[in-house]
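Please read the structure below before turning to the comments.
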Amino acid sequence: MFWSVSSKIKNWLPYLQCHRGWWVEGLQQNSQASIKMAFERGYNIVEFDIRLTKDREIILFHDNSFENRLVSDYTYLQLKTAALSKYPQLDTLKNFLSWFSEYRKQYVERGLKLNIEIKSAKIFDSFLEIETCRLIKKFQLVDHVLISSFNPFTLFKIRIFSRKIFRALLLSFENEPWNKWFLKKMIFNFLARPHLLHLRWQDLNNGLMNLEKMPVPIVLWTVNHVDDLLFANNKICGIITDQLTPDILSK
């Protein structure tokens, strides 16, 4: 397997990542409000999802579809109108990064960071990756961003367009239609060269891979109970969570 082994990543990466912002008390997932609340609750890195609309706006949105229609078949304004009642704070990556670039300056000593999960199954169309890198550079956030994806070709494009941005491969052994054999085997790592493995926590001890031989740190998702951490070992350098807060872990 091919990985980018870096001595810097463990010092750069906070242990606890907030999953889609702090939404469990009612705020909208993947919104400026939930991400801001996560930082206010003490997280130093927040994970969120982005994907592309029909008119090539990059938006903060998790699901592949809305009301039985692909998100990629909506323009941004169409989706914003259709999803107004459920996602009233639907935002673009450009607007969000503009806000974050100013917000983080209030907490320079904390070094706030973002884990941007790119939702894309495309191999040849590179617009999403190119534009994401362009915006990250525009707002001077290269040192504050991690890009993660299930798609090794997405990580390959990030590697080409901005080598300084850390890359994480998302991995699950679920038997889902989208989870093809080549994703589970990680055979395209020679292109992606990830710095991190983001592994579904249920797969940690399933015997499908030798974690002790992994040359890069492992982050588990989505860990929501302290007891689940008992399954972790010394290879784990972090977790992605909806519910475990910094103050809970400190206790």
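Spot the failing condition for Ile218; the list is (1) touching a residue at least 40 places away in the same chain (Cβ under 8 Å); (2) within 16 Å of the chain's Cα centre (by Cα); (3) within 21 Å of Ser4 (Cβ to Cβ), and only one is missed.
Of the numbered conditions (1) touching a residue at least 40 places away in the same chain (Cβ under 8 Å); (2) within 16 Å of the chain's Cα centre (by Cα); (3) within 21 Å of Ser4 (Cβ to Cβ), the odd one out for Ile218 is (1).
Right, Asp228: in contact (Cβ under 8 Å) with a residue 12 or more places away in the chain, touching a Phe, Trp or Tyr at 6+ places or on another chain (Cβ under 9 Å) and in a helix (DSSP H, G or I) or not?
Yes; evaluated as a whole, the condition is true for this residue.
If I go through segment 195-216 residue by residue, how many of them are under 26 Å from Cys18 (Cβ atoms) and acidic (Asp, Glu)?
1
Only one of Leu244, Leu220 is assigned to a strand (DSSP E or B) and open to solvent by less than 30 Å² (accessible area, probe 1.4 Å). Can you tell me which?
Values: Leu244 fails: assigned to a strand (DSSP E or B).
Unique residue meeting the criteria: Leu220.
Among the residues of segment 56-66, are any open to solvent by 60 Å² or more (accessible area, probe 1.4 Å) and either more than 19 Å from the chain's Cα centre (by Cα) or modelled with pLDDT under 95 (or both)?
Checked against the condition, which is being open to solvent by 60 Å² or more (accessible area, probe 1.4 Å) and either more than 19 Å from the chain's Cα centre (by Cα) or modelled with pLDDT under 95 (or both), segment 56-66 yields at least one hit.
Within segment 147-201, track down each residue that is open to solvent by 30 Å² or more (accessible area, probe 1.4 Å), of a type in the set (Lys, Arg) and touching a strand residue (DSSP E or B) at 6+ places or on another chain (Cβ under 8 Å).
Matches in segment 147-201: Arg159, Lys184, Arg193, Arg200.
Would you confirm, using the coordinates I've provided, whether Ile35 is open to solvent by less than 50 Å² (accessible area, probe 1.4 Å), among the aliphatic types (A, V, I, L, M), touching a helix residue (DSSP H, G or I) at 6+ places or on another chain (Cβ under 7 Å) and outside any loop (DSSP other than H, G, I, E, B)? First the steps, then the outcome.
Values: open to solvent by less than 50 Å² (accessible area, probe 1.4 Å): yes; among the aliphatic types (A, V, I, L, M): yes; touching a helix residue (DSSP H, G or I) at 6+ places or on another chain (Cβ under 7 Å): no; outside any loop (DSSP other than H, G, I, E, B): yes.
No; evaluated as a whole, the condition is false for this residue.
Taking Lys137 and the conditions (1) farther than 29 Å from Leu171 by Cβ; (2) open to solvent by 80 Å² or more (accessible area, probe 1.4 Å); (3) not hydrophobic (A, V, I, L, M, F, W, C), which numbered condition does it fall short on, given that it satisfies the others?
(1)
Could you check how many residues of segment 121-174 are assigned to a loop (DSSP other than H, G, I, E, B) and of a type in the set (S, T, N, Q)?
5
Could you identify the single residue in Asp242, Asp203, Asp227 that is charged (D, E, K, R) and in contact with a His (Cβ under 9 Å, 6 or more places away or on another chain)?
Residue meeting the stated conditions: Asp242.
Please go through segment 23-32 and give me each residue that is open to solvent by 10 Å² or more (accessible area, probe 1.4 Å), under 16 Å from Ile240 (Cα atoms) and not aliphatic (A, V, I, L, M), ordered by number. Full working, then the answer.
So the first thing to find is which residues in segment 23-32 are open to solvent by 10 Å² or more (accessible area, probe 1.4 Å), and the list is 23-29, 32.
Add one more test, that the residue is under 16 Å from Ile240 (Cα atoms), and what stays is 23-24, 29.
Across segment 23-32, the qualifying residues are Trp23, Gln29.
Starting from residues that are open to solvent by less than 40 Å² (accessible area, probe 1.4 Å), under 19 Å from the mean Cα position of the chain (by Cα) and of a type outside the set (S, T, N, Q), keep the ones in segment 75-103 and report whichever is farthest from Asn64 (Cα to Cα).
Phe100
The values are calculated or read from the model by the stated rules, or taken from the named source; none is laboratory data. The structure presented is a predicted model; accordingly, all values stated were derived computationally and were not measured. Please note: Cβ atoms are built from the backbone with ideal geometry, for glycine as well, and neighbour counts cover all protein chains shown. Ligands, DNA and RNA are stripped out before the accessible areas are found, and what is left, the full protein with its side chains, is counted by its heavy atoms. Shrake-Rupley method; radii C 1.70, N 1.55, O 1.52, S 1.80 Å.
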